[in-house]
Structures are given as C-alpha cells and as structure tokens.
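The values are calculated or read from the model by the stated rules, or taken from the named source; none is laboratory data. A quick note: this is a predicted structure, and the numbers were derived from the prediction, not measured. Glycine gets a Cβ as well: all are built from the backbone with ideal geometry, and neighbour counts include every protein chain shown.
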Amino acid sequence: MRPILKNKLYLYLTEFFAGMSIMAVELGASRLLAPYFSSSQIVWTIIIGTIMIAMALGNIYGGRTADRDPNPDRLYRRITVAAVWIGLIPVLGKYVILGISALLIFSVNSNFLIWAAFAACMVIFVFPLFLLGTVTPSLAKYTMENLEDNARIVGALGASNTIGSIIGTFVPTFVTIPAVGTSITFLLFAGILLALSLLYFLSGGGRSRGITAALLLFLLSCVLGYRSHFAFWKDDLVYEGESVYNYLQVAETEDSVILSTNVLFGVQSIRMKEEGLTGMYYDYALAAPFLAGVEERQAAGSPLDILILGMGTGTYGSQCARYFPGVQLQGVEIDGKITQLAHRYFALPQNLPVVTYDGRAYLNAVDTQYDVIMVDAYQDITIPFQMASVEFFTLVREHLRPDGVMVVNMNMRGQKEGNLNQYLADTISQVFSTVYTVDVAGSTNRELFASNNPDMLARMEENLALCENSELLWMLTRVAGDLQPYEAGDYQMTDDRAPVELLSMQVIDDLIRDEVAYYKRIYESYGPQAVIDSL
C-alpha cells in the first residue's frame with residue numbers, strides 16, 4: 001500500500017472532491033446544454049436522470065471491483081480517466097452536441113429536443129460520472145480495518161461526499177460560471193481530480209502508466225478549451241458570455257444589434273441602428289399605450305405609467321420613450337448582466353430605471369398601479385411557469401388601473417389544439433374580461449392585449465386619430481385592423497399545474513419539422529453530402 005493511504009484524511013479528501021466534482025459537472029452540464037436545448041425543467045430532468053443512472057452503475061461496479069481486486073491503483077486510474085474526460089468536454093462537447101443533433105434531426109419526428117438532450121447527456125457525461133460513482137464503494141473498502149467501526153466509516157465517507165457536493169453546487173453557480181464561464185469551470189474541477197490522482201501515484205516514488213499522457217491531454221484541453229465558444233460557427237458576435245441565469249451572445253449586423261440567450265432559437269432583443277420601428281413584435285406591442293389612451297392622457301398633461309416585466313435590453317422601453325415623450329417607465333429584469341449589456345451595446349438610456357428583480361416578486365413587493373404592463377419574461381425559449389398562471393395574471397390585474405392594459409408577448413405560435421398560446425390566452429381570459437390577439441407578420445410571435453375596459457379598441461381608434469407620427473400611425477392602424485377578439489376555451493394554468501415546458505417542446509417540434517422538411521427531402525433523395533452542399 002502506498003504511504004499516502006496510511007493517512008485516512010487523504011481518502012476522505014478524495015471522497016470530498018469527488019462529490020464536489022460530480023455536482024460541478026452536473027451544473028456545468030446544464031450550462032453546456034442550455035444554449036442548444038434550453039434550461040427548462042425537462043432538460044434538467046434529463047441531466048439529473050442520466051447522472052443518477054451513471055452514479056448507480058458506478059456504485060455497483062466500484063463495489064464489485066473493490067471486492068475482487070482491492071488495489072487502490074485501479075480507483076485512482078479511474079479518477080485520472082474521469083479528470084481527462086471532463087477536461088475534454090469544453091473542447092469537444094459542443095461538437096458532440098451538434099453532431100448528435102444533426103443525426104437526430106433527420107430521424108426523429110417528435111420530441112426532438114428531448115431525444116437530442118438525452119443522447120448528448122449519455123455520450124458526454126455518463127462515462128466520467130460512472131467512473132466517479134465508483135469512488136464511494138471503493139473507498140469504503142480501503143478505509144475499513146475491521147467490522148466494529150464500519151458504520152462510522154461509511155457515515156464519515158457519506159458526510160465528506162455530501163459536504164463536497166454542497167460546495168460543488170454553490171461554487172459553480174455563484175462563483176466560477178459567472179466569473180470565468182462554463183469551460184473553465186469544467187477545467188478547474190478536472191484539474192482538482194487530476195491533482196488528487198497525481199498526488200497518489202507520486203506518493204510512492206513510482207510512476208504509473210498513462211500519467212504523462214493524462215497530463216498532456218489535460219494541458220491540451222486547457223489550451224484549446226478555455227476560450228471555447230458555444231456558437232463557434234458564428235463570425236458576427238461582438239460578445240459571448242454567461243451570467244448566473246443565462247448564456248448570452250450579442251451579434252451585430254449591418255443594420256442591427258441582437259441579443260440571444262440560446263444558440264439555436266430565438267432573438268430576445270434587437271436594436272435597429274437607424275432609430276425607428278423594428279419590424280418585430282415590439283412594434284405591435286406599441287398598440288398597448290393607445291389602447292390605454294396615451295394621446296388623450298398626454299394632451300391632458302397626465303402621461304402614462306408603463307411597467308415592463310422582462311426588460312431585456314430595453315427595446316420596448318426605448319421605443320415607448322421615443323414615441324411617447326414624458327411617459328413614466330419602469331423596467332424589471334432578473335438578469336443584471338443583460339442590463340449591463342443593454343447600456344453597453346443597445347443604447348439603453350441611463351435615465352430609464354431598471355430593477356434587477358424577478359417579475360412576479362416585484363409585483364408582490366410594490367403597490368403601484370400602472371396604465372400599461374408589458375409581460376415579456378421568456379427564459380431561453382419558454383416562459384417561467386410562475387409567470388403563466390391565473391395567480392400571476394391576477395396579480396398583474398391588481399397592479400393595473402381600472403382601464404389599464406396588459407400586453408403579453410407569446411413567443412411560439414402553435415397550431416395544434418391545446419398549444420401553449422391557447423393555454424396562455426385561456427388563462428388570461430379567466431382574469432380579464434376583454435382580450436384581443438394579433439399575429440406578428442413574418443414571425444412565430446403573437447401579441448395579446450387584455451383589459452377590463454370593454455371599450456379599449458374604440459379608445460385606441462380615438463387616440464390613433466390624435467397621433468402625429470406617420471410611421472407609427474401607419475403601423476398601428478394596420479395592427480388595429482388585424483386585432484381579433486379572443487374566444488376563450490377551457491385550458492388553464494395555475495401555480496399548481498402549468499406545463500409550460502412540455503407545451504413549449506410541442507411547438508418547437510413543429511417549428512423544427514417545418515424548418516428541416518426541405519433538407520430532409522434532399523437527404524432522403526441524394527444523401528448527406530447534398531445537404532452539406534445546399535447549406
């Protein structure tokens with residue numbers, strides 16, 4: 001036995017750092033997958049499920065091999081392999097994810113994101129966590145000298161693992177990922193595991209096969225992986241980073257600046273370099289102030305109070321400030337890093353107030369009433385369930401003046417019965433007596449306007465007649481003509497039951513199926529090379 005094992009503290013440290021690394025990898029897995037598949041509850045379920053599978057198999061294998069061959073060298077070799085594998089994730093993980101997605105997109109007809117996320121987890125994370133799963137049963141074998149204190153030793157090992165897991169949960173979330181990113185987080189914890197193994201193998205003065213190779217691979221991972229880009233194929237990014245809540249990328253085109261929190265889907269905010277209308281849903285949402293009587297209120301010297309839940313980079317707030325001088329604006333954005341980017345890249349006025357807070361928590365904390373409340377609180381590609389329920393929209397209604405208007409951006413327009421937008425609109429109809437919707441041309445967005453004022457549409461027409469901005473008047477006259485009264489159904493979401501992730505996945509499946517239908521026909525007729533040539 002190597003001299004270092006005579007000190008039981010080293011074995012407990014091995015258990016401690018193994019537990020810490022497992023949780024760090026789990027949280028890193030979420031951030032690695034989120035830019036491609038979202039960070040919804042479904043993706044988290046897949047991550048936790050696959051990791052539990054790996055750990056269970058590792059526990060079984062570790063116990064059997066320790067009984068059959070109680071040589072600690074085998075355990076520390078497994079830790080070495082796990083460390084190298086984890087270190088390679090920042091280098092190769094994104095290519096594996098896109099490769100799996102490319103294969104499945106032509107073979108899976110439904111639940112694409114679920115299958116792709118599951119396959120990516122199995123390929124990338126199961127093996128190293130299976131190896132780390134062998135640590136606890138193996139260490140139990142090496143630390144027990146008799147049966148009189150076996151329960152105490154198992155308890156101490158379990159406590160070491162748990163304490164390490166606790167630290168491994170908080171450090172990545174609040175320290176390493178926001179400060180240095182997901183890639184360096186993987187490399188950091190891979191380095192800790194590799195250092196443990198090196199200390200073990202060097203303690204006896206001997207050399208172990210593969211240690212030099214492991215060190216070289218890890219160093220190569222550090223060189224290639226520390227600047228790993230999630231959207232490595234894009235050449236128009238002016239910023240790519242991470243916050244506590246989101247993966248963030250800012251892209252610049254000839255005429256606009258765009259914020260996305262997901263590599264593959266959606267645009268969260270946009271600023272047109274030539275100030276004016278964007279051609280997106282923000283323009284449609286400008287109908288809300290007219291539905292609330294903005295022109296007559298300004299003429300009377302009583303400007304509207306507007307609250308924006310989900311401020312993003314401030315596109316809607318900036319438009320309201322531009323087209324309705326004097327309005328009182330208040331933005332709420334949970335991700336403070338997005339607000340920083342808004343000032344840096346999106347020309348968000350410094351005098352436009354933004355509170356870093358959860359939208360629903362903000363409504364619970366204030367008693368102010370508003371004329372317009374904009375709800376645009378998407379996380380990745382889905383709505384937080386707590387901002388999609390009867391209870392939430394009741395809270396919004398309580399913060400609106402009697403003739404106030406709520407506008408909701410519904411990001412994914414579904415076609416099937418019981419789709420996400422139908423659930424949202426039916427839920428809102430439980431709270432507000434008057435609901436109108438309009439589809440945003442050229443996109444999958446739909447804007448919903450709700451109020452307890454039955455005459456809000458007539459009020460909009462009256463206020464449009466007072467509008468002197470020809471560009472805005474043309475746009476909103478078109479919107480007013482397309483507004484449709486919503487006929488409520490029986491779908492409803494509550495705090496207790498709001499399956500927004502599953503409903504979002506259904507819409508995404510439809511969008512993906514429509515987008516790839518053309519390439520799928522090419523693939524079926526001419527093969528993969530023809531698809532590559534057509535891209």
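Scanning region 409-432 for residues that are surrounded by 24 or more Cβ atoms within 10 Å (Cβ to Cβ), in contact with a Lys or Arg (Cβ under 7 Å, 6 or more places away or on another chain) and modelled with pLDDT of 90 or more yields a count of 0.
If we keep just the residues of region 153-185 that are of a type in the set (Ser, Thr, Tyr) and more than 21 Å from Asp335 (Cα to Cα), which is surrounded by the fewest Cβ atoms within 10 Å (Cβ to Cβ)? Give the steps one after another, and end with the answer.
Within region 153-185, the first condition is being of a type in the set (Ser, Thr, Tyr), and the residues that meet it are 160, 162, 165, 169, 173, 176, 182-183, 185.
Applying the additional criterion that residues be more than 21 Å from Asp335 (Cα to Cα) yields 160, 162, 165.
Numbers: Ser160: 23, Thr162: 13, Ser165: 18.
If we take residues in region 153-185 being of a type in the set (Ser, Thr, Tyr) and more than 21 Å from Asp335 (Cα to Cα), then Thr162 is surrounded by the fewest Cβ atoms within 10 Å (Cβ to Cβ).
Out of all the residues in region 397-420, which are in contact with a helix residue (DSSP H, G or I) (Cβ under 9 Å, 6 or more places away or on another chain) and without any contact (Cβ under 8 Å) to a residue 40 or more places away in the chain? Selection gives Glu398, Met410. Residue pairs whose Cβ atoms lie under 8 Å apart, sitting 6 or more positions apart in sequence or on different chains, and linking a residue in region 1-21 that is under 16 Å from Phe201 (Cα atoms) to a partner that is modelled with pLDDT under 90 and among the small types (Gly, Ala, Ser), are Arg2/Ser203; Arg2/Gly204; Pro3/Ser203; Pro3/Gly204; Ile4/Ser203; Ile4/Gly204.
Could you tell me which of the residues Ala321, Ala347 is assigned to a loop (DSSP other than H, G, I, E, B), surrounded by fewer than 23 Cβ atoms within 10 Å (Cβ to Cβ) and aliphatic (A, V, I, L, M)?
Ala347
Evaluated against (1) assigned to a helix (DSSP H, G or I); (2) in contact with a helix residue (DSSP H, G or I) (Cβ under 8 Å, 6 or more places away or on another chain), Leu103 falls short on exactly one condition, (2).
Tally the residues that are among the polar types (S, T, N, Q) and either at pLDDT 95 or above or at positive phi (or both), restricting the search to region 374-408. Full working, then the answer.
At the first step, the residues of region 374-408 found to be among the polar types (S, T, N, Q) are 379, 382, 386, 389, 394.
From the residues that got through so far, the ones that are either at pLDDT 95 or above or at positive phi (or both) too are 394.
Summing the residues that are among the polar types (S, T, N, Q) and either at pLDDT 95 or above or at positive phi (or both) in region 374-408 gives 1.
Is it true that some residue in region 276-289 is farther than 25 Å from Val440 by Cα and surrounded by fewer than 18 Cβ atoms within 10 Å (Cβ to Cβ)?
Start the filter on region 276-289 by keeping residues that are farther than 25 Å from Val440 by Cα, which leaves none.
No, region 276-289 contains no residue that is farther than 25 Å from Val440 by Cα and surrounded by fewer than 18 Cβ atoms within 10 Å (Cβ to Cβ).
Scanning region 207-245 for residues that are among the polar types (S, T, N, Q) and modelled with pLDDT under 80 yields a total of 2.
Between Tyr95, Tyr142, the distinction of being exposed (fewer than 14 other Cβ atoms within 10 Å of the Cβ) and either farther than 17 Å from Leu196 by Cα or touching a residue at least 60 places away in the same chain (Cβ under 8 Å) (or both) belongs to Tyr95 only.
Would you mind stating whether Leu194 is at pLDDT 85 or above, in the same structural domain as Ala29 (by TED's automatic domain parsing), surrounded by fewer than 22 Cβ atoms within 10 Å (Cβ to Cβ) and in a helix (DSSP H, G or I)? So that I can check it myself, show each step before the final result.
Working: at pLDDT 85 or above: yes; in the same structural domain as Ala29 (by TED's automatic domain parsing): yes; surrounded by fewer than 22 Cβ atoms within 10 Å (Cβ to Cβ): no; in a helix (DSSP H, G or I): yes.
Answer is no for this residue.
Would you point out which residue out of Thr437, Thr394, Thr444, Thr427 is of a type in the set (Ser, Thr, Tyr) and in a strand (DSSP E or B)?
Working: Thr394 fails: in a strand (DSSP E or B); Thr444 fails: in a strand (DSSP E or B); Thr427 fails: in a strand (DSSP E or B).
None of the others qualify; the one that does is Thr437.
Kindly indicate the residue of region 165-186 that is aromatic (Phe, Trp, Tyr) and at pLDDT 90 or above and also farthest from Lys337 (Cα to Cα) among those meeting that condition. Steps first, answer last, please.
Step one: list which residues in region 165-186 are aromatic (Phe, Trp, Tyr), which gives 170, 174, 186.
When the remaining residues are screened for being at pLDDT 90 or above, the result is 170, 186.
Working: Phe170: 19, Phe186: 22 Å.
The selected residue is Phe186.
For region 1-41, a residue qualifies if it is over 24 Å from Pro178 (Cβ atoms) and surrounded by fewer than 21 Cβ atoms within 10 Å (Cβ to Cβ), and the qualifying residues are Met1, Arg2, Pro3, Ile4, Leu5, Lys6, Asn7, Lys8, Leu9, Tyr10, Tyr12, Leu13.
Evaluate the following for Arg360: is it modelled with pLDDT under 95, among the charged types (D, E, K, R), assigned by TED's automatic domain parsing to the domain that holds Thr313 and assigned to a loop (DSSP other than H, G, I, E, B)?
no
Being hydrophobic (A, V, I, L, M, F, W, C), out of contact with any strand residue (DSSP E or B) (no Cβ under 6 Å at 6 or more places or on another chain) and not in a helix (DSSP H, G or I), is that true of even one residue in region 121-128? Yes: one or more hits. For Asp371, the criteria (1) among the charged types (D, E, K, R); (2) at pLDDT 95 or above; (3) outside any strand (DSSP E or B) hold in every case but one, which is (3). Here Arg497 clears all of (1) surrounded by 16 or more Cβ atoms within 10 Å (Cβ to Cβ); (2) part of a loop (DSSP other than H, G, I, E, B) except the condition numbered (1).
When Phe393 is tested against the conditions (1) farther than 12 Å from Val375 by Cβ; (2) under 24 Å from the mean Cα position of the chain (by Cα), the lone failure is (1).
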